[in-house]
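Notes for the one structure printed next.
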Amino acid sequence: MSIKSDRWIRRMAQEHGMIEPFAPGQVKHAADGHRIVSYGTSSYGYDVRCAREFKIFTNINSTIVDPKAFDPTSFVDVEADVCIIPPNSFALARTVEYFRIPRDVLVVCLGKSTYARCGIIVNVTPLEPEWEGHVTLEFSNTTPLPAKIYAGEGVAQMLFFQSDETCETSYRDRGGKYQGQTGVTLPRT
């Protein structure tokens, strides 16, 4: 298994639609010229952007968080350029980018240092071979203060690992429950 470079990522995105929309280089400035948290192709990965759709966790109903019986009323839906996450809480979002993962590739996601240095942790499970969809992102605010997430800017880096052989059973073959997801997707059983 080997990690893939910027050249491989560009080729796979442009020739096979692996990432759409796709930024072939690092974007560090908005259209108006102000600096943003970068996104796009890096040396050995791709920095994804956060869309304007957020689900902010709230405990106004004194709900127990249960992955087998998740209560959707535990979230407040927000569509905005900025998401404010309450102290010691979390929010769900999704990537701007839609992914189509090749059968011999596994993708691992890591948070960007800009957010990590502010106590904001990004969690994403691996993108398995032949999974496709918008990636649901989980942002944990580990601080005792409210925290901001910026839509349209970089929030996490995807690392692509290509195997020497093709897997026997892909995510698509298994009929994975998150296959083809669009929008922010809550837990399913």
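The values are calculated or read from the model by the stated rules, or taken from the named source; none is laboratory data. Treat the numbers as computed from the prediction; the structure is a model and nothing was measured. No Cβ is skipped: glycine too gets one built from the backbone with ideal geometry, and neighbour counts run over all protein chains shown.
Figures for the structure shown
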item: Hey, residue 52 under 30 Å from residue 4 (Cα atoms) and crowded, with 20+ Cβ neighbours inside 10 Å or not; result: no
item: Test result for residue 78, over 14 Å from the mean Cα position of the chain (by Cα), modelled with pLDDT of 95 or more and under 17 Å from residue 186 (Cα atoms); result: yes
item: All positions within the stretch 160-188 that are surrounded by fewer than 17 Cβ atoms within 10 Å (Cβ to Cβ) and not in a loop (DSSP other than H, G, I, E, B); result: 161, 162, 172, 173, 174
item: Residue under evaluation residue 104, criteria (1) surrounded by 14 or more Cβ atoms within 10 Å (Cβ to Cβ); (2) free of Cβ contacts under 8 Å to residues at least 60 places away in the same chain; (3) among the acidic types (Asp, Glu), criterion not met; result: (2)
item: Residue pairs meeting the criteria (Cβ under 9 Å; at least 6 apart or on separate chains; first without any contact (Cβ under 8 Å) to a residue 12 or more places away in the chain, in the stretch 23-38; second of a type in the set (Phe, Trp, Tyr) and surrounded by 14 or more Cβ atoms within 10 Å (Cβ to Cβ)); result: 28/39
item: Residue list for the stretch 17-68, filter: more than 16 Å from the chain's Cα centre (by Cα) and among the charged types (D, E, K, R); result: 28, 32, 35, 66, 68
item: Search result, residues across the stretch 132-159 that are among the charged types (D, E, K, R), within 21 Å of residue 81 (Cα to Cα) and buried (at least 17 other Cβ atoms within 10 Å of the Cβ); result: 153
